[in-house]
Amino acid sequence: MKKNVITLVLVLVVISGLAFSLAPFTHGPGAKIKNETPKKSVPKPLSASEKKAAMKKWEATPDGIMYNKWVASPAGQKVFASTAKISKSARDYTDMPAVVTSLSLPPGSRLGFAMIVRIGADDYILQFAPQKSQLTPLQSIKVNNKIVIRSRGISHAPKYSYPIVSADYVARDGKMIYKRVIRKDGC
């Protein structure tokens, strides 16, 4: 019995010694330190034909079918017509005078801090991405206030009856009350 235990211990010592000798050194005087930062794999941009194929594939999904029905509907056409009216101002980043018509959004909205404004004859959702220090001036806005908006982004979603304007700059009475802060991390 004693011989079996000694033999078993010796076998375990030999096996563990082999395992440690074959494993790369990670600590100690002979260890190699890697100073390289791991490279992130950047996906290759899709070609035009690949984009078209991906779009056709998405349009066949239930979400794609629902979206296309919304685009063809009178509500979707109204949203796209309203978007077209201010797209030149957004592209050129020029002032768009607006009047605040509502400080609340329809129930179930998930746009964060936003309000409804009228630019010309159409209503739009004005969406903000404020930092805490920017909330106080924005909360002073009241219904029927006249403001000036600059934006580079207009979007739409079937869930909403209005185009969504992302606020980059907002002024009231000639004073800036909001300017979008660009994040340093690139997102």
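The values are calculated or read from the model by the stated rules, or taken from the named source; none is laboratory data. Predicted, not measured: the structure shown is a model, and the values here were computed from it. Cβ coordinates were reconstructed from backbone atoms using ideal geometry, including for glycine residues, and neighbour counts include every protein chain displayed.
If you go through the stretch 81-96 one residue at a time, do you hit one that is part of a strand (DSSP E or B), at pLDDT 90 or above and more than 20 Å from the chain's Cα centre (by Cα)? So that I can check it myself, show each step before the final result.
Taking the stretch 81-96 as the starting set, the residues that turn out to be part of a strand (DSSP E or B) are 96.
Now narrow it down to the ones that are at pLDDT 90 or above: 96.
If we keep only those that are more than 20 Å from the chain's Cα centre (by Cα) too, we end up with 96.
Yes, that holds for at least one residue.
Select from the stretch 108-158 the residues that are under 16 Å from the mean Cα position of the chain (by Cα) and of a type in the set (Val, Ile, Thr) and list them in ascending order.
Once the filter is applied, which keeps residues that are under 16 Å from the mean Cα position of the chain (by Cα) and of a type in the set (Val, Ile, Thr), the stretch 108-158 yields only Ile154.
Name the single residue that is surrounded by the most Cβ atoms within 10 Å (Cβ to Cβ) among those in the stretch 106-145 being more than 21 Å from Lys179 (Cβ to Cβ) and free of Cβ contacts under 8 Å to residues at least 24 places away in the same chain.
Only one residue fits best here, namely Arg118.
Kindly establish whether Lys78 is surrounded by 11 or more Cβ atoms within 10 Å (Cβ to Cβ) and charged (D, E, K, R).
On the way: surrounded by 11 or more Cβ atoms within 10 Å (Cβ to Cβ): yes; charged (D, E, K, R): yes.
Yes; evaluated as a whole, the condition is true for this residue.
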